[in-house]
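Okay, structure first, notes after.
Every read-out reported here was derived from the displayed coordinates using simple, explicitly stated rules and does not represent laboratory data. It should be emphasised that the depicted structure is a prediction, and the values quoted were computed from it without experimental measurement. Cβ placement follows ideal geometry from the backbone for every residue including glycine, while neighbour counts extend to all protein chains displayed.
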Amino acid sequence: MSNLTELQKQQIAQAIQERKQALREDIRDELARSGQERFADLAGEVADAGDASVADLLMDENMTLVSRQVQEFSELETAQQRLDTPEFGECAECGSEIGFQRLLAAPNATRCIDCQSQHEKTFAHSEAPRL
């Protein structure tokens, strides 16, 4: 059970709302911009294979960014739903309390700093792609 006060929960709720609003704007702007950046504009009128691959890469990067932003938005929605439950603020790995400052900075955090560090060390190196 978390030891967060009502005031702290209100501050976290406010941080969630502010981050969600910023993400909404970022997603909207990125999608609007990517809609305007047609492939032909990125590759040029006479595209060779190199130009086409660079244009594909730029478009993929835009969609990857939007995908990450949507994922974070979803995590914030989940955090907002869990905010009033007794489990909010508890580490999903070890059950210890996640610090208020960490939750304020990253309200979608589900692990304490120690468990998150261990998780990042364990999964830091993904397998290299193969043909």
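Once the Cβ-Cβ distance between residue 102 and residue 32 is put in as r, and R0 is 41 Å, what FRET efficiency do you end up with, to the nearest 0.05?
Details: r = 33 Å, r/R0 = 0.81.
According to the calculation, E is roughly 0.80.
Expressed in nm to one decimal, what extension gain is obtained for the pair residue 7 and residue 25 from 0.36 nm per residue of sequence separation less their Cα-Cα distance? Spell out each step's value before the answer.
Working: separation 18, 0.36 × 18 = 6.48 nm, distance 2.74 nm.
This chain segment gains 3.7 nm when fully extended.
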